[in-house]
Amino acid sequence: MTIENGENLNELLKIRREKLAKLIAEDKDPFKITKFKVTHLAKYIEDNFEQMENQTVSLAGRVMSKRGQGKVSFYDLQDSSGRIQMFLKKDTLGDEVYEDVKTLDIGDILGITGEVFKTKMGQTSIRVENISILSKSLQILPEKFHGLKDPDLRYRQRYVDLIVNPSVKEVFITRSRIIKTIREFLDNKGFLEVETPVLGNIAGGATAKPFVTHHNALDIPMFMRIALELPLKQLIVGGFDKVYEISRVFRNEGMDSTHNPEFTMLETYEAYADYEAVMDMVEELFIYVASKITGSDTVEFQGHSISFKPPFKRGRMVDLVKEYTGVDFDVIDTVEEAYAAGTKLGLQLEKNLPLGKIIEEAFDTFVEDKLIQPTFVTHHPTDISPLAKKDYSNPKYTERFELFIKGAEYGNAFSELNDPIDQKARFLSQVEQKNSGDEEAHPYDEDFINSLEVGLPPTGGLGIGIDRLVMLLTDQRSIRDVILFPTMKPEK
RNA sequence: GACCCAUUAGCUCAGUUGGCAGAGCACUUGACUUUUAAUCAAGGUGUCCCGCGUUCGAGCCGCGGAUGGGUCACCA
C-alpha cells in the first residue's frame, strides 16, 4: 500500500501520483510551500456567523467531500476545529484555477481565502477567491459515510482514524483536559511537579516485570521504570514537601482491554500526611475533575451511573471479604488455616503463598467485581504491601487503601513506610519471595534504604492510573481507545 | 497462556450446495452556475490474510500459521 514502485500501485494511487506529477510539471509543487497565514477556524466562523458575515477569512485544512462538478462546486474543508463548506465558482476563480479545483482529491490540504456567506440553503460557506494546494494526499481516505471501523487499522493508522472519526478526536481532547485539570488541582494545593528517571538500575516501587534494555557506553543492563514511587519519596527526603509526577511507566505483562504495556501514572507524595488525608484528597480530586470535565458529579460508565459525591464507601479488605464470603480472615493467623479456608471457597491457590496473598486472592475473586460505586478498600495485609507503613494498632495490616470503581482499581495509596529498619526487613522478605519463585517480588534497593536512613518524614503517597480515569470519564471500554498509539504487534 | 470469532476492491460490507469475484462509497470520463451521503450517463477497480492439503475445480472444505477483536487466567 505504501510501496513507491509505480508498477505495484493500484489505479487509485497511480492517478494521485500522476496528478502530483502534473502539478510539479506546471511549477505548482505543493510541497515547496512552507507556510500559510490562517486567520480563522471553521468552528469559529460557524458559531459567530452574524459577526463574520461578508468578512474575508483565510483557512487551511483538508478536503473531506466534494459536491457539484459543473461550473460551481461545494467542497468541505476540515480543520482542527471542524468543517466548513467551500463555495468554488468558475467565474470567481478563473478557468485555469477552476480546472485545478476539479482535480483536487479528498484528503488534499488546502489554504483558502474568501468571504463568509450563507448559501440559499442556509449553509455557512466561504466564497473562495484564492486557493493553494498545501499538500497533495497520495493515499485514499476511508469512505465518508461509514468511516474507518477496522480496529486494527484504526490503531495502526491512528492519524487516519482521527481524520475520519470525529468522536475519536473528542476523546483525546478530553484526555488532555483531564490531565490539565489534575495538574490544576494539585498545583492549587501547592504540589510541585517533578520528573524522575525512566531508566534505572533497579525497577522498584511496585511488583511487576520490567522491560530490560542495555546501556552501550556503560555496558550494563538497565530497566524501564514500573512505578514512580521511590525517587519521588527521595524528593520528600530532600525537602520538597509536596511533589507529583504524571508520566509513563512500563510493565512487561499481558495486554487486554484494561492493560497497555506503557501507561500513564499520577503519583503524589505529601509530607506530614497519612493515608486518611490522602483519601480525603482523592475524593476531592475525583469530584473536582469529574465536574470540571463532565459538568456533573455523576458519570455514565458502561451502563452504570457512577456517583463521585463524597464520602466514598470505605471498608477494610478483610471485612469486605467476610461480607461477601462469610470467611473471617481477621481471626486466621497461620498460612495453613488461610490456605484451607481459601481452598474451601474454591480458590486455586499455589503453594508457598504468604497469608496476605491468600486474602488478596479471596478479595480479587469474590469482592472486586461487586464494587461498582467508588469504594476505598483499606488495610491491606502487610506482606503484600512492602512499601506501606504498618497499622501499629494491628501490624498484620497496613495504613493503605485502594480505590475501586466498577470492579477495577483506580488508585492505590498508603502512609509511606519511613522506618528504614522495617523497610529493610520487608525488602529482605521480598527477596525471599523472589527466591521461592515470585518473579514480581520487589527487588532490594540499597539506595532507597539509605534515603530512609537520612530520614523520610511521615508521608502520604498516592498512585492513580490516568488511562483508566480517562476511560471512566469518557465512557470508553478499551484502554486502546484512550491511548493515541497503543502497543501493537508488528503486522508481519 | 487457553478458547471463540473475524480477515473478500482504497473504505464499509454481501458472497447460496465447492462451478466466470459482487454492491455502495471512493475513483475515471462526460453533463450540470447554490449542493448537503448532490444528481444523471458510461467505465475501471482484487495476492478473496499467508502456506500446505483434499478435489476435475477452493473465497467456501481440512491442517498449520499471522494479525485483530472477545471471554477466561495474570497484572494497574
TODO: Name the one entry in A:Asn352, A:Asn394 that is at positive phi and of a type outside the set (Gly, Ala, Ser).
DONE: A:Asn352
TODO: Restrict the check to the range A:453-467 and report whether at least one residue is closer than 24 Å to A:Arg314 by Cβ, of a type outside the set (S, T, N, Q), open to solvent by less than 40 Å² (accessible area, probe 1.4 Å) and away from RNA strand B (no atom under 16 Å from the Cβ).
DONE: yes
TODO: Return yes or no: is A:Arg477 open to solvent by 60 Å² or more (accessible area, probe 1.4 Å), within 14 Å of RNA strand B (Cβ to nearest atom), assigned by TED's automatic domain parsing to the domain that holds A:Phe404 and not β-branched (Val, Ile, Thr)?
DONE: yes
Open item on the list: Please go through (1) assigned by TED's automatic domain parsing to the domain that holds A:Asn418; (2) surrounded by fewer than 17 Cβ atoms within 10 Å (Cβ to Cβ); (3) without any contact (Cβ under 8 Å) to a residue 60 or more places away in the chain for A:Gly326 and return the number of the only condition it doesn't satisfy.
Closed with: (1)
Task: Pairs, first open to solvent by less than 70 Å² (accessible area, probe 1.4 Å) in the range A:80-102, second away from RNA strand B (no atom under 11 Å from the Cβ) and among the small types (Gly, Ala, Ser), C-beta under 6 Å, six or more apart - done: A:Ser81/A:Ala42; A:Gly82/A:Ala42; A:Ile84/A:Ala42
- [ ] Taking A:Asp383 as meeting all but one of (1) free of Cβ contacts under 8 Å to residues at least 12 places away in the same chain; (2) within 25 Å of A:Lys424 (Cβ to Cβ), write down the number of the exception.
- [x] (1)
Task: Evaluation of A:Arg158 against (1) in contact with a helix residue (DSSP H, G or I) (Cβ under 6 Å, 6 or more places away or on another chain); (2) touching a residue at least 60 places away in the same chain (Cβ under 8 Å) (one fails), failing number - done: (1)
TODO: Just need a number here: residues in the range A:334-357 that are in contact (Cβ under 8 Å) with a residue 40 or more places away in the chain and surrounded by fewer than 14 Cβ atoms within 10 Å (Cβ to Cβ).
DONE: 1
- [ ] Name the residue, out of A:Glu323, A:Glu283, that is in contact with a strand residue (DSSP E or B) (Cβ under 9 Å, 6 or more places away or on another chain) and more than 18 Å from A:Ala413 (Cα to Cα).
- [x] A:Glu323
Open item on the list: Among the residues of the range A:142-162, what is the count of those that are more than 7 Å from RNA strand B (Cβ to nearest atom) and open to solvent by 30 Å² or more (accessible area, probe 1.4 Å)?
Closed with: 5
Open item on the list: I'd like the full set of residues that are open to solvent by 50 Å² or more (accessible area, probe 1.4 Å) and either closer than 24 Å to A:Arg175 by Cβ or within 10 Å of RNA strand B (Cβ to nearest atom) (or both), limited to the range A:230-268.
Closed with: A:Arg248, A:Arg251, A:Asn252, A:Glu253, A:Gly254, A:Met255, A:Asp256, A:Ser257, A:His259, A:Glu262
Open item on the list: If I go through the range A:103-130 residue by residue, how many of them are open to solvent by less than 40 Å² (accessible area, probe 1.4 Å) and in a strand (DSSP E or B)?
Closed with: 11
Open item on the list: What's the total number of residues in the range A:169-198 that are among the hydrophobic types (A, V, I, L, M, F, W, C), out of contact with any helix residue (DSSP H, G or I) (no Cβ under 7 Å at 6 or more places or on another chain) and either under 22 Å from A:Ile483 (Cα atoms) or surrounded by 17 or more Cβ atoms within 10 Å (Cβ to Cβ) (or both)?
Closed with: 5
Task: Odd one out for A:Lys120, checked against (1) among the basic types (Lys, Arg); (2) within 16 Å of RNA strand B (Cβ to nearest atom); (3) within 30 Å of A:Met265 (Cα to Cα) - done: (3)
Task: Single residue of the range A:358-406 satisfying the filter (within 24 Å of A:Leu469 (Cβ to Cβ) and in a helix (DSSP H, G or I)) that is least open to solvent (accessible area, probe 1.4 Å) - done: A:Phe363
Open item on the list: Quick check on this structure: which one of A:Arg468, A:Arg400 is closer than 30 Å to A:Glu170 by Cα, touching a strand residue (DSSP E or B) at 6+ places or on another chain (Cβ under 9 Å) and basic (Lys, Arg)?
Closed with: A:Arg468
Open item on the list: Just checking, does the range A:296-303 include any residue being acidic (Asp, Glu), assigned to a strand (DSSP E or B) and farther than 19 Å from A:Gly463 by Cα?
Closed with: yes
Open item on the list: Tell me whether the range A:217-227 contains one or more residues that are buried (at least 20 other Cβ atoms within 10 Å of the Cβ), under 27 Å from A:Val470 (Cβ atoms) and in contact (Cβ under 8 Å) with a residue 40 or more places away in the chain.
Closed with: yes
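The values are calculated or read from the model by the stated rules, or taken from the named source; none is laboratory data. Since we're looking at a predicted model, the values are computed, not measured. Quick reminder, even Gly has a Cβ in these numbers, built from the backbone with ideal geometry, and neighbours come from all protein chains shown. Just so you know, the surface numbers come from the protein's heavy atoms only, side chains and all, with ligands and any DNA or RNA stripped out. Shrake-Rupley method; radii C 1.70, N 1.55, O 1.52, S 1.80 Å.
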